[in-house]
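The numbers here are math on the coordinates, done by the rules we state, and not lab data. Source: prediction; values computed, not measured. Don't worry about glycine lacking a Cβ; one is built from the backbone with ideal geometry, like all the others, and counts go over all protein chains shown.
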Amino acid sequence: MPIEVLRIPQPVRYSEGLEMQRAQGAPLELSTARIAKLILLQHSPVFTLGRKTAQDHLLCSAQELAARTGAEVVETDRGGSVTYHAPGQLTAYLLLNLQAWNLTIHKHLDNLEQVAIRTIARFGIAGRREPGMTGVWVDTPPAKICAIGVSVRRWVSYHGLSLNVDLDLRPFIEVVPCGLAGKGVTSMACVLGRPVPMPAVEEAMSAAFNEVYFPIRK
């Protein structure tokens, strides 16, 4: 059966997104069934600090960052470093039991990258991987368009990917995004030079998740 999709129409605080993940993921921690739940949402402005966030990835203190931008600053258990979320960015939390799906964490990350690449391809954007890094990049302009970070609890994957669709990118300059100094950040709207409707991207991403993960379910 298709991946179960939960779409949240209004931007939510990061803490609310965590609560949704815990509520949806808890049953999967106790199940050996090949079930997957996908939460699609947009966050209110927030900087999230992943497990690999180093001191020099923040250009000022967390308190000053919040005061300067008006965004929340939250420590999180996902992999990766600091990134920014806001309306206009589509965040996808895919919850599944890796053991039940016979997936390694590396294969799961590879699949998430492939989902993002397939999603933007439907809009005529060529995405690519960067050797030794996690996420998806584009060449015109050379920049990162999708950030990926996950955590695992009792074999269940939490968190997922954040695709920049059509948002204000200026807050990214307040930090070193994903800990990658000198690497730019872009959005689908910037690449295409026009607004990109979020519902269309949600539809494309839902289809891409099913295309990428369904072969594992055979």
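Brief remarks on what is shown
- Oblate is the label for the stretch 110-218, because the ratio a/c of its alpha-carbon gyration tensor axes (a ≥ b ≥ c) is 1.5 or higher and a/b is not greater than b/c.
- Each residue of the stretch 1-115 gets 119 Å³ once the volume of the Cα convex hull is shared out per residue.
- Computed 3J(HN,Hα) for the stretch 25-36, one whole-Hz value per residue from the Karplus formula 6.51 cos²θ - 1.76 cosθ + 1.60 where θ = phi - 60°, is x, 3, x, 6, 5, 9, 10, 9, 6, 7, 10, 9, glycine and proline marked x.
- Near residue 78, the amide H atoms lying under 5 Å from its own belong to 51; only residues 5 or more places off or on other chains count, and H is placed 1.01 Å from N.
- Segment residue 15..residue 126, full-extension length gain: 36.7 nm, with 0.36 nm per residue of separation and the alpha-carbon distance subtracted.
- To the nearest ten degrees, helix 198-213 and the longest principal axis of the Cα atoms of the chain are 50 degrees apart.
- The count of lysine pairs in the chain with alpha-carbon distances below 21 Å, taking only pairs 8 or more places apart or on different chains, stands at 8.
- Dipole magnitude of the chain about its Cα centre (Cβ charges: Lys, Arg +1; Asp, Glu -1), debye to nearest 20: 560 debye
- Computed from backbone phi with θ = phi - 60° and the Karplus coefficients 6.51, -1.76 and 1.60, the 3J(HN,Hα) list for the stretch 10-24 is 10, x, 10, 5, 4, 4, 5, x, 5, 4, 4, 4, 4, 5, 7 Hz; x is used for glycine and proline.
- Separation of the residue 189 and residue 75 label points, Cα + 7 Å toward Cβ, nm: 3.3 nm
- In this structure, the amide hydrogen of residue 44, modeled 1.01 Å from its nitrogen in the peptide plane, lies closer than 5 angstrom to those of 12, 13, 14, counting only residues at least 5 positions away or on a different chain.
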